[in-house]
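Here the structure is laid out as structure tokens; the discussion comes afterwards.
The values are calculated or read from the model by the stated rules, or taken from the named source; none is laboratory data. It should be emphasised that the depicted structure is a prediction, and the values quoted were computed from it without experimental measurement. So basically every Cβ, Gly included, is an ideal-geometry build from the backbone, and we count neighbours across all protein chains shown. Just the protein is used for accessible areas: all its heavy atoms, side chains included, with ligands, DNA and RNA removed. Shrake-Rupley method; radii C 1.70, N 1.55, O 1.52, S 1.80 Å.
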Amino acid sequence: MSGDALNVKNLSVVYRTEAGPVHPVTNVSFNLRPGESLGLVGESGCGKTTVAMALLRLLPDNGEIVSGSIDMGGVDIVELEGAELEDIRWRRISMVFQAAMNSLNPVHKVRDQIIEAIDAHETVPRAEAEERTRRLFDLVGLDEQLLERYPHEYSGGMRQRAVIAMALACNPEIVIADEPTTALDVIVQDRILKELQSIQDQKEMAMIYISHDVAVIAEVSDTIAVMYAGQFVEKGPSDVVFARPIHPYTDALLASVPSVRGERKELRFLAGEPPSLSDIPASCPFAPRCSRALPVCDAEIPPLIGDDTHWAACHNPVEAILS
Amino acid sequence: MTAYLLTRLGQAFIVFFIFLTMVFFLVQAQPGDFSSFYALDPNIPPESRAQIRASFGLDQPMWRQYLTYVGNVAQGDLGTSFQLRRPVWDVLMERLPRTFILFATAAVISFYLGFVLGKMIAWRRGQAIEYLTTISGVYLFTVFTPWFALVMMWFFSFKLGWFPIGKFISPQVWRGAEVEANSIFNLMLLTAAIASGILLAAYLVMLRRRVKRRGMLLTGMLSALVLASYLAWDMSGNGKFAWDILTHMALPVIVVTAISFAGTMLLTRNAMLETVREDYVLAARAKGLPDRVVRDRHAARNAMLPVVTSFVFSVAFALDGGIITETIFSWPGIGLTLLDSAGSSDLPMAVGAFVFTGVFALVAHFVADALYMVLDPRIRT
Amino acid sequence: MRDNSAIESGLRPLEPLWRLRLRNTARRTREQWRLFARTRVGLIGLGVIAIFGLMAVAHPLLMRYVWDVSTYHPVIGFGFEETSHPAPPSGRHLLGTDPVGRDILSMLMFSARAEFTLGLVAAVVTVVIGTGVGALSAYFGGWVDTILMRVADIVIMMPTIALLVVLGSLWNLSFLTLALVIGGLSGFGATAVIIKSQALTIVVKPYIEASRGAGAGHLHVIMVHIVPNLLPIAFLYMMFTVTAAIFSEAVLSFFGILNVRMSWGIMIHTAQSGGYLLSGLDFWWLLFPAGLSITLLSGSFYLVGRALDQLVNPRLRSR
Ligand SMILES: Nc1ncnc2c1ncn2[C@@H]1O[C@H](COP(=O)(O)OP(=O)(O)OP(=O)(O)O)[C@@H](O)[C@H]1O
Ligand SMILES: [Mg+2]
């Protein structure tokens, strides 16, 4: 599978807390082709941000990658240290943070914050760096005048665009966008998503979109991965997954968004809570909430069914799988 | 920007006015009045007591006295010292630079030192070193200042003999000198002011021009300036006098610095622990910036804001430390004056020194406000 | 926490409210203690305070049962057996004697009690004034707030020692007046500002509005609904007042401004006026026991305050 922009294998993360270890990410594997866009969807708290942070090796002090590898063009990010790690960050893989509003430092001009990212990775003359920031602002639809301003002089939407511009500053191969539009109103949200897509096409970079909102993911991603309790439960091409989900959890998620399938169904919300991440059962984590649960679901780890392009981990899938 | 500063200036004046009012009533509320202090002075015959009372306006109604008092202070008239028989204002103005230089030097050094150490402790947290620095920091912060000053004096002046023991000058050096200690001292202040002015200007220019390696260049300039002023003083022939004052100043500065830097250090540490959790620090790390840059340009730069805000507390604390230190080292500044005059019931002098201390605190507070404005763009616009 | 007691009283209507509150408080205290104990810094502080507490308690017992009063009395005692004073530490005088023949250890222990009393009085004054000012300022707002906060500004800016020196020249400062002044300064100054900001978060709670609507007077609302919520944070700042009180007392005694018979500050003052200060380590027992005691005790209250601060502001809590 060389030629992938990113290849994650059996990634597991723990957070060590006073109450004992928490497992926000368990045995996650996926790959990302150059130019592909992957949508990562799941309920709040299922570990999406943790996956992103692990990819950048930015887990908090109490978090640790306990197993797995993150292969990026032959380099295993998990093994990197110090300067090598700093070199990968932003130049090859950058990120739009979930709290994009707060990821701009209030005491520095936005332009300086973008230029410092460029300076950290390339030696370019000041004038050229400034020229690049202007182009970036054009790209995300911001007035160049704003470059001279401080973050507090920006509106929420402007900040979001500025953060996106910053993420593109070093022409990375992969950009992770963690809930890039959650805090914005629907119209701005839509416009920014469209722009992101067109930028992605222009720049031929791979993207990982993270959202709890299936509608957003449906709009922007080629491939979709559904996450539940720190595990990937289903992954496949977006259109296929939306048309024929395998996993009951995916089915339930989709059912809660009527517009995705075009048909008006009665809204179904999932009853119950996701399991505690501190003791993940050695069985299907979704079983207690699953309408299709069988006795085996509570007893055994579900098998992977489907094929390489579209698979799920389930004992009793929604779609009959031909294999 | 100027509007903000003007508002703050206005507030400072109001606060000063309230302060003055409180001082006035404090003096009024004490048993007896101004004139009763003359009773201690055997040179004044009892029959002229009434005359003195009248000359002080003490036979007037209280509100009248109050207005007179405020008016006098506004004109720089703080009365006449019983002891020195000189206008309080003149005495204090003569001594103010000595306190100022002690305080300013110690404030700058302790702020720098406390800030640098505080950010380093916070950055490497959760280790034994953190407990150690916190505990020693706290005890240094709350150390019994007179005792600490005495121990320092004993060790550095007495045991090692590096510095003279207290006072402003050594008489044997100045015997037969044609210049006054004060004029030398003022010249020294001028030298220091010019040097810091040049450094500040150079720093601002470098910031504008985005010169890299500013630290190294500044250090170089500083050494050059020190060398230049050394040569200038040496050639003027007054070098040994300046040197004498300098050696007298060194230990008090060290002591005031030592007791106040711990406060800044602990404060910076706490502020850093909050800023390191901010998303922009995470973003800075994600950008692949070197660890040191993330710490300094992002985390510490923001942690500086609350530290500057609580400068008010530090000012009061450092002034207290200054008073104690001046007294122990017999450094003839405002603090020693305050303590001496209070001890010898020289009321106009004591109250005057207290008012000066208050003004000093107010000015320092105002400077901190201005500094905050420079540091935080959210206030500037 | 409030909700808890409401739920519990709903479940067990027969139990009187005060007992529920008491139990709640006990449980919360246990929880807080667990957290406090983990901040090792606070434990160290508490340990040092306990040692001084023991000394304070032991002194009257020693005077009554062990030490001969005429030899060991902290103010008027005299070590007859020694040939000259100050005498170095010996079996009879564990920390030696001072220039006028008094036993250093006895003076040290005697003074510890005075320091605790001083600190306690100042702290209580701080809590009362600080809570009052903070609550009034937050509750009424407007000009009450403006005036109280401007006063707080001045008090915060004021160098305490300078003010006390002036006060000392105008009045006769005793231990009690000193405690009152320091408590007052802290209560009107920093503590008031911090408590006010806490009170501001309480006055907007719906139950305040509801209580007012139900016809409760201002005083009732403040005393029953606001003040109890402010006490924990007031307790925290009380610790810093104790630090200030011990420190100021020592400085003023040292300068001879305070009208007290014996304290750690006086001990250093005595040594200094006897001209023993620059003798360095030759007469270390004159300088170090008292100087260290002042530093350690005031510093320890500060450490405890910091540790409590970490409980109140969980963001500082180390993970
Ligand atoms: N530093 C930490 N220490 C302990 N637990 C943590 C830490 N950070 C996150 N968690 C827990 O790990 C789990 C996964 O968190 P994560 O932020 O990855 O979720 P998420 O899917 O991004 O959720 P959201 O959609 O709300 O952003 C959550 O249950 C969270 O409570
Ligand atoms: Mg998230």
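Only one of the listed residues (A:Val8, A:Val66, A:Val22) is of a type in the set (A, V, I, L, M, F, W, C) and within 16 Å of the chain's Cα centre (by Cα). That residue is A:Val8. Between C:Thr160, C:Thr191, the distinction of being within 24 Å of C:Thr295 (Cβ to Cβ), modelled with pLDDT under 90, among the polar types (S, T, N, Q) and in contact with a Leu (Cβ under 9 Å, 6 or more places away or on another chain) belongs to C:Thr160 only. Of the residues B:Arg292, B:Arg378, only one is within 8 Å of another protein chain (Cβ to nearest Cβ), open to solvent by 50 Å² or more (accessible area, probe 1.4 Å) and of a type in the set (D, E, K, R); which? The unique qualifying residue is B:Arg378. Just give me the residues in region C:256-273 being open to solvent by less than 40 Å² (accessible area, probe 1.4 Å), more than 22 Å from B:Phe156 (Cβ to Cβ) and either within 9 Å of another protein chain (Cβ to nearest Cβ) or more than 22 Å from the chain's Cα centre (by Cα) (or both), in sequence order. Listed by number, the residues that qualify are C:Ile257, C:Trp264, C:Gly265, C:Thr270.
Any residue that is of a type in the set (Gly, Ala, Ser), open to solvent by less than 10 Å² (accessible area, probe 1.4 Å) and within 13 Å of ligand 1 (Cβ to nearest atom) - is there at least one of those in region A:182-196? Show your work before the answer.
Filtering region A:182-196 for residues of a type in the set (Gly, Ala, Ser) gives A:183.
If we keep only those that are open to solvent by less than 10 Å² (accessible area, probe 1.4 Å) as well, we get none.
Taking every residue of region A:182-196 in turn, none turns out to be of a type in the set (Gly, Ala, Ser), open to solvent by less than 10 Å² (accessible area, probe 1.4 Å) and within 13 Å of ligand 1 (Cβ to nearest atom).
Please determine whether any residue of region A:204-212 is crowded, with 24+ Cβ neighbours inside 10 Å, farther than 30 Å from A:Asp279 by Cα and of a type outside the set (Gly, Ala, Ser). Looking through region A:204-212, at least one residue is crowded, with 24+ Cβ neighbours inside 10 Å, farther than 30 Å from A:Asp279 by Cα and of a type outside the set (Gly, Ala, Ser). Within region A:186-229, the set of residues being within 16 Å of ligand 2 (Cβ to nearest atom) and in a helix (DSSP H, G or I) comprises A:Val214, A:Val216, A:Ile217. Residues that are of a type outside the set (D, E, K, R) and more than 16 Å from A:His247 (Cα to Cα) within region A:212-235 comprise A:His212, A:Ala215, A:Val216, A:Ile217, A:Ala218, A:Val220, A:Ser221, listed in sequence order. Can you find even one residue in region A:27-35 that is over 15 Å from the mean Cα position of the chain (by Cα) and within 14 Å of another protein chain (Cβ to nearest Cβ)? The answer is no; no qualifying residue exists.
When B:Gly166, B:Gly161 are checked against the criterion of being within 14 Å of another protein chain (Cβ to nearest Cβ), on the phi > 0 side of the Ramachandran plot and surrounded by 15 or more Cβ atoms within 10 Å (Cβ to Cβ), a single residue qualifies: B:Gly166.
Would you confirm whether or not region C:122-143 contains a residue that is surrounded by fewer than 22 Cβ atoms within 10 Å (Cβ to Cβ), under 23 Å from C:Leu296 (Cα atoms), away from every other protein chain (no Cβ under 13 Å) and touching a residue at least 24 places away in the same chain (Cβ under 8 Å)? Within region C:122-143 (the criterion being surrounded by fewer than 22 Cβ atoms within 10 Å (Cβ to Cβ), under 23 Å from C:Leu296 (Cα atoms), away from every other protein chain (no Cβ under 13 Å) and touching a residue at least 24 places away in the same chain (Cβ under 8 Å)), the answer is yes, since at least one residue qualifies.
Could you run through region C:164-179 and say how many residues are at the interface with chain B (Cβ under 7 Å from one of its Cβ atoms) and open to solvent by less than 40 Å² (accessible area, probe 1.4 Å)? Walk me through it before giving the result.
Here is the first cut: in region C:164-179, the residues at the interface with chain B (Cβ under 7 Å from one of its Cβ atoms) are C:165-166, C:168-171.
Filter once more, so that each one left must be open to solvent by less than 40 Å² (accessible area, probe 1.4 Å): C:165-166, C:168-170.
Here the count works out to 5.
Applying the set (1) within 16 Å of ligand 2 (Cβ to nearest atom); (2) within 14 Å of chain B (Cβ to nearest Cβ) to A:Thr181 leaves exactly one unmet item: (2).
How many residues, within region A:81-120, are open to solvent by 10 Å² or more (accessible area, probe 1.4 Å) and either more than 9 Å from chain B (Cβ to nearest Cβ) or of a type in the set (Asp, Glu) (or both)? Final tally of qualifying residues: 9.
Residues satisfying the criterion are absent from region B:332-353 (criterion: facing another protein chain (nearest Cβ under 8 Å) and closer than 30 Å to B:Arg124 by Cα). Look at A:Thr123 and say whether it is crowded, with 20+ Cβ neighbours inside 10 Å and hydroxyl-bearing (Ser, Thr, Tyr). Judged against the criteria, A:Thr123 is not a match.
Looking at B:Arg277, B:Arg285, B:Arg269, just one residue is of a type in the set (D, E, K, R), within 13 Å of chain A (Cβ to nearest Cβ) and assigned to a helix (DSSP H, G or I), and that residue is B:Arg285. Scanning region A:29-45 for residues that are within 16 Å of ligand 2 (Cβ to nearest atom) and open to solvent by 10 Å² or more (accessible area, probe 1.4 Å) returns A:Glu43, A:Ser44, A:Gly45. Pairing each residue of region B:296-324 that is without any contact (Cβ under 8 Å) to a residue 24 or more places away in the chain with any residue that is aromatic (Phe, Trp, Tyr) and part of a helix (DSSP H, G or I), provided the two are 6+ apart or on different chains, yields C-beta distances under 8 Å for B:His298/B:Tyr280.
Please pick out the residue among A:Thr49, A:Thr26 that is more than 16 Å from ligand 2 (Cβ to nearest atom), polar (S, T, N, Q), touching a residue at least 40 places away in the same chain (Cβ under 8 Å) and open to solvent by 20 Å² or more (accessible area, probe 1.4 Å).
On the way: A:Thr49 fails: more than 16 Å from ligand 2 (Cβ to nearest atom).
After ruling out the rest, the residue left standing is A:Thr26.
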